[in-house]
Structure formats: C-alpha cells, structure tokens
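The values are calculated or read from the model by the stated rules, or taken from the named source; none is laboratory data. Only a predicted model underlies this, so the values are computations on that prediction, with no experimental measurement involved. Quick reminder, even Gly has a Cβ in these numbers, built from the backbone with ideal geometry, and neighbours come from all protein chains shown. Just the protein is used for accessible areas: all its heavy atoms, side chains included, with ligands, DNA and RNA removed. Shrake-Rupley method; radii C 1.70, N 1.55, O 1.52, S 1.80 Å.
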Amino acid sequence: MNMERKKLGFTLIELLVVIVIIGILATISTATFKQYFGKARDAARNTSVANVTLMIKVDGADRWDDAKYIYDATELQALFSANDYRPPKGENNICYVIMMAPNTDVVGDDNEFAVATWGEETSTELPTDPGVIVDGTSQAITNIMAATIAQADLGCDDNDFDTLWTAFLNAGSIDMGPNGTGPTGGYVYIDGAGVIQPGADAPAL
C-alpha cells in the first residue's frame with residue numbers, strides 16, 4: 001500500500017505569523033522596560049535632591065549668621081565629604097544645580113536656597129516643565145514655581161543655569177539677592193564626574 005510521506009516543518013505563513021507575534025511582544029516589552037527605567041532614574045534624582053537639601057538644612061539649622069545656606073563650591077564639597085556623601089553625576093543631559101541667595105528683606109535666618117535637577121520628562125513637579133525636580137526653602141521653591149521657564153531653556157550649559165538662576169532670584173513675591181552686608185550668594189552645579197563646580201556668573205562668596 002502506498003502512503004504519502006508527511007512533510008515535517010512549518011509553512012511560510014506560519015513562520016511569518018510567529019515572527020509578527022514575537023515582534024509585537026518585543027515592542028510591548030521594550031516600551032514597558034523604558035518606562036520602568038525612566039521611573040527608576042526619576043526616583044534616583046528625587047533621592048539625590050532630597051539628600052542634598054537635607055544636608056544643607058541640617059548644616060544651617062544652628063546658624064543664624066548672614067552665611068546661612070550660602071556656600072561656594074569648595075565649602076559645599078567639604079559638606080558632602082563630611083557626611084560621606086557622593087554627589088550625583090550631572091551627565092547624560094541630566095543637570096543638578098544648587099542656588100543660594102540672601103533674602104533681601106531679612107538678614108541671616110531668612111536666606112534661601114534651592115536644589116534643582118532636570119533632563120528627563122518622567123517627573124512633573126513643575127506642571128509646565130516636565131522633568132524638573134525642586135527642593136529647598138519654601139520661598140526659593142515658590143520663586144522657581146512662579147517662573148516661566150521654557151523647556152528649550154532647560155539644558156546643561158551656563159546660559160541655561162543663568163536662566164534658572166535669574167528666575168530663582170526674581171520670579172517670586174520676595175526678591176532675593178545681595179543684602180549689602182553679607183555674602184552675595186550664587187549658584188553651583190555638579191559636573192559629569194560628580195564634582196561641584198562654581199557657576200560661571202555666580203558672584204564670589
């Protein structure tokens with residue numbers, strides 16, 4: 001009796017269907033992983049900003065002089081070293097800047113500072129500027145929140161730092177800046193090696 005030999009393997013249609021399904025699953029997985037990675041980086045940035053803010057507030061808790069919350073790059077690096085803290089690296093278009101200024105209305109204990117980071121759109125702390133995370137004293141945060149900052153201005157060069165610095169000083173209901181008797185303040189930023197650098201236009205402290 002003659003029997004037709006059964007062919008083994010898959011047809012071209014079957015292979016194409018499998019390839020399409022694998023492609024769809026890979027696309028879904030990639031998008032999901034990107035979202036998780038973004039949230040993880042966002043959580044790391046939130047933690048970094050909170051840690052820097054806490055160290056500055058604790059260091060200034062017992063200070064009632066004109067230099068409260070006011071540091072230059074060397075002094076801030078020394079504060080981090082004393083707390084065995086390794087600053088985050090400002091790299092991959094993610095920036096970290098610390099802005100410090102006396103309140104023009106009151107000397108000393110009303111000095112203001114803010115720590116800000118940006119570079120990704122995974123956070124929405126500022127509704128008009130996704131990716132910006134801010135912490136610090138209440139008036140400093142109010143000033144930054146009141147500022148109109150275009151997303152295009154949030155880069156990682158001196159001009160972008162100056163834009164946020166100007167907003168920090170002038171956008172709120174209380175202007176901040178040199179009070180004539182104490183430090184003038186300024187801003188510093190953290191570079192790609194995790195080293196604190198003085199802002200290009202920050203006054204000498």
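Some notes on this structure:
- Among the residues of region 51-85, those that are assigned to a loop (DSSP other than H, G, I, E, B) and under 22 Å from GLY199 (Cα atoms) comprise ASP66, ALA67, LYS68, TYR69, ILE70, TYR71, ASP72, TYR85.
- If the condition is being closer than 19 Å to GLY192 by Cα and modelled with pLDDT of 85 or more, then region 96-120 contributes TYR96, VAL97, ILE98, MET99, VAL115, ALA116, THR117.
- Against the conditions (1) within 20 Å of GLY186 (Cα to Cα); (2) open to solvent by less than 60 Å² (accessible area, probe 1.4 Å); (3) touching a residue at least 12 places away in the same chain (Cβ under 8 Å), ILE94 satisfies every one except (1).
- Among the residues of region 47-77, those identified as surrounded by 19 or more Cβ atoms within 10 Å (Cβ to Cβ), among the aliphatic types (A, V, I, L, M) and within 16 Å of GLY136 (Cβ to Cβ) are VAL49, VAL52, ILE56, ILE70, LEU76.
- Residues of region 1-59 satisfying the condition of being at pLDDT below 85, among the polar types (S, T, N, Q) and within 30 Å of ASN83 (Cα to Cα): none
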